[in-house]
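The structure appears below as structure tokens.
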Amino acid sequence: MAARHLLLDLAGVLCRFDSTVRLERLAVASRLETAEVDERLYGSGIVDRCDRGELDAAGIRDVLREQLGLDCDDLELAQLWASAFTPDDQVLAVIDSVALGVTRTLLTNNDALLRDTLPVVLPAVHARIAIPLFSATTRATKPSPSAYAAALTVLGAAPADVLFVDDSESNVDGARRMGITSVHFTSAQALRSELARAGLLA
């Protein structure tokens with residue numbers, strides 16, 4: 001029996017991800033060196049705190065302005081923050097081929113600012129996702145069992161009802177330990193083949 005839920009990673013699957021782009025654009029906006037921005041956000045642990053849901057969207061905006069001295073409105077700040085993500089059109093085309101009746105759910109280790117502004121900063125992704133599950137909401141990051149358990153609870157699904165796709169082998173392994181059939185993402189073409197084999201394409 002084919003899975004009823006397709007669980008998809010964001011960075012590395014639905015989008016190409018490059019944190020350097022985010023850092024460079026924030027550096028330009030803040031007039032700081034890229035390495036300094038990196039240390040203030042990643043080196044300090046702020047990004048990890050955001051991903052764990054310790055800060056809401058307003059709190060993240062406040063921290064970014066405080067740490068980097070940014071003088072920009074909320075929309076520009078959200079766009080700068082999301083600049084690390086570039087939707088992968090080939091992958092999105094595969095997702096468009098998924099059969100009706102299969103729920104397309106996002107499971108991502110990401111923060112409340114990206115979550116709340118997803119429709120604006122990544123509209124192509126938002127349009128294809130029925131349920132966006134962020135670690136900032138579930139307070140659990142992959143590959144923790146709690147992350148997958150939270151997704152199953154929200155979906156009201158058993159592990160056998162779900163197919164999970166992620167570019168991280170450790171995340172794939174974590175899902176498999178929960179009994180969830182999982183695909184290690186390598187390319188859009190390979191993903192199409194895997195979903196066809198699983199009976200999830202129209």
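The values are calculated or read from the model by the stated rules, or taken from the named source; none is laboratory data. Since the model is a prediction, treat every value here as computed from it, not as a measurement. We place every Cβ from the backbone using ideal geometry, glycine too, and count neighbours over all the protein chains shown.
Return the residues of segment 170-193 that are surrounded by fewer than 20 Cβ atoms within 10 Å (Cβ to Cβ), touching a strand residue (DSSP E or B) at 6+ places or on another chain (Cβ under 6 Å) and not polar (S, T, N, Q); say none if nothing qualifies.
R176
Working only within segment 34-51, note down all residues that are more than 19 Å from the chain's Cα centre (by Cα) and part of a loop (DSSP other than H, G, I, E, B).
Across segment 34-51, the qualifying residue is only S44.
Select, from L6, L55, the only residue that is of a type outside the set (D, E) and in a loop (DSSP other than H, G, I, E, B).
Being of a type outside the set (D, E) and in a loop (DSSP other than H, G, I, E, B) holds for just one of L6, L55, which is L55.
Just for segment 37-51: of the residues that are buried (at least 16 other Cβ atoms within 10 Å of the Cβ) and among the acidic types (D, E), which one is farthest from L114 (Cα to Cα)?
Checked segment 37-51; the qualifying residue farthest from L114 (Cα to Cα) is D38.
Can you spot a residue in segment 114-134 that is surrounded by fewer than 17 Cβ atoms within 10 Å (Cβ to Cβ), polar (S, T, N, Q), assigned to a helix (DSSP H, G or I) and in contact (Cβ under 8 Å) with a residue 12 or more places away in the chain?
No, because not a single residue in segment 114-134 is surrounded by fewer than 17 Cβ atoms within 10 Å (Cβ to Cβ), polar (S, T, N, Q), assigned to a helix (DSSP H, G or I) and in contact (Cβ under 8 Å) with a residue 12 or more places away in the chain.
Please determine, by comparing only the residues of segment 1-49 that are in contact with an Asp or Glu (Cβ under 6 Å, 6 or more places away or on another chain) and without any contact (Cβ under 8 Å) to a residue 24 or more places away in the chain, which one is farthest from I60 (Cα to Cα).
T34
Within segment 66-109, restricting attention to residues that are touching a helix residue (DSSP H, G or I) at 6+ places or on another chain (Cβ under 6 Å) and either free of Cβ contacts under 8 Å to residues at least 12 places away in the same chain or in a loop (DSSP other than H, G, I, E, B) (or both), which residue is surrounded by the fewest Cβ atoms within 10 Å (Cβ to Cβ)?
Only one residue tops the list, namely G69.
So which residues in segment 137-165 are of a type outside the set (V, I, T) and buried (at least 22 other Cβ atoms within 10 Å of the Cβ), if there are any at all?
K142, A147, Y148, A151, L163, F164
Can you tell me which residue among A151, A99, A130 is over 11 Å from the mean Cα position of the chain (by Cα), within 19 Å of R176 (Cα to Cα), among the small types (G, A, S) and modelled with pLDDT of 95 or more?
Among A151, A99, A130, only A151 is over 11 Å from the mean Cα position of the chain (by Cα), within 19 Å of R176 (Cα to Cα), among the small types (G, A, S) and modelled with pLDDT of 95 or more.
Give the residues of segment 147-202 that are small (G, A, S), closer than 17 Å to V102 by Cα, free of Cβ contacts under 8 Å to residues at least 40 places away in the same chain and assigned to a helix (DSSP H, G or I), sorted by residue number.
Hits for segment 147-202 are S193, A196.
Could you list, in sequence order, the residues of segment 14-33 that are more than 30 Å from A127 (Cβ to Cβ) and surrounded by 15 or more Cβ atoms within 10 Å (Cβ to Cβ)?
A27, S30, L32
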